[in-house]
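Peer 1: Quick one: the structure is below, and I'll ask about it shortly.
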Amino acid sequence: MKEEKTAINSPLKSDPATWVEQYADYLYRFAFSRLRNEEIARDLIQDTFLAALQQVSRFEGKSSEKTWLTGILKNKIADFYRRQASKSITEIRTAEIELQNFFDADNGHWNMQHSPKAFGLDDNDPMLLKELGGILNDCLKKLPALWLSVFSMKHMDDLTSEKICIELKLTGSNFWVIMHRTKLNLRACLQKHWN
């Protein structure tokens, strides 16, 4: 009886031989939805499996393997975002200069040629929603890496602004400028490509 109790209380063991078959597709979808780049998503999944294999002896079974691997992948994505953030300062400054013509410098209102236009989207039509989703994905791919990182962390991972600033080593004002510029850029891209 004592042996059964020990077996029940012992931590679950992880089985690395089954990871690819059981979790690769899920992890790929998770990574791709945040990165919008197939090659980088695949690389980060490989890095995740490698890191997990190196740490498998520390897996205590307090969560499922899937949750544990997803946590490792989230850290890999955050590391990728940080690397991109350090490379993107020049891109931000260039984009800010290009986008200054969106607003009137005197009153802060939209310039007429850049004012928002209605999409005319019937949200009950699944084909239109799918088409809009494809256009949105294409627009997201065109964003500078840092902008995509900030947008993904905020709107896909639901991280707080403070957490994003800490992760990417941004100031609060840099964060809000990036979010604002990202939204402007996405809106302009959607308006340009949506019929």
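The values are calculated or read from the model by the stated rules, or taken from the named source; none is laboratory data. Everything numeric in this text was worked out from a predicted model, so none of it was measured. Here the Cβ positions follow ideal geometry from the backbone for every residue, glycine too, while neighbour counts run over all protein chains shown.
Peer 1: I'd like the full set of residues that are closer than 24 Å to residue 127 by Cβ and crowded, with 17+ Cβ neighbours inside 10 Å, limited to segment 138-160.
Peer 2: Residues satisfying the conditions are 139, 140.
Peer 1: Let me ask something else about it. Hand me the list of helices (runs of 4 or more DSSP H) wholly inside segment 1-75 holding 2 or more residues that are modelled with pLDDT of 85 or more and of a type in the set (Asp, Glu). Let's see the steps before the verdict.
Peer 2: Numbers: elements: 2-9, 19-35, 38-55.
Fully inside segment 1-75 and qualifying: 19-35, 38-55.
Peer 1: Right, another one. Could you figure out which of (1) touching a Ser or Thr at 6+ places or on another chain (Cβ under 7 Å); (2) surrounded by fewer than 17 Cβ atoms within 10 Å (Cβ to Cβ) isn't true of residue 180?
Peer 2: (1)
Peer 1: In segment 53-81, what residues are within 17 Å of residue 24 (Cα to Cα) and not hydrophobic (A, V, I, L, M, F, W, C)?
Peer 2: Selection gives 64, 65, 66, 67, 70, 71, 74, 75, 76.
Peer 1: Filtering segment 52-77 down to residues that are crowded, with 16+ Cβ neighbours inside 10 Å and of a type in the set (A, V, I, L, M), which residue is farthest from residue 157 (Cα to Cα)?
Peer 2: Here the answer is 52.
Peer 1: Now, a different point. In the list 163, 192, 169, which residue meets the criterion of being surrounded by fewer than 16 Cβ atoms within 10 Å (Cβ to Cβ), of a type outside the set (Asp, Glu) and modelled with pLDDT of 90 or more? Spell out the reasoning first.
Peer 2: Details: 192 fails: modelled with pLDDT of 90 or more; 169 fails: modelled with pLDDT of 90 or more.
Checking each option against the conditions leaves just 163.
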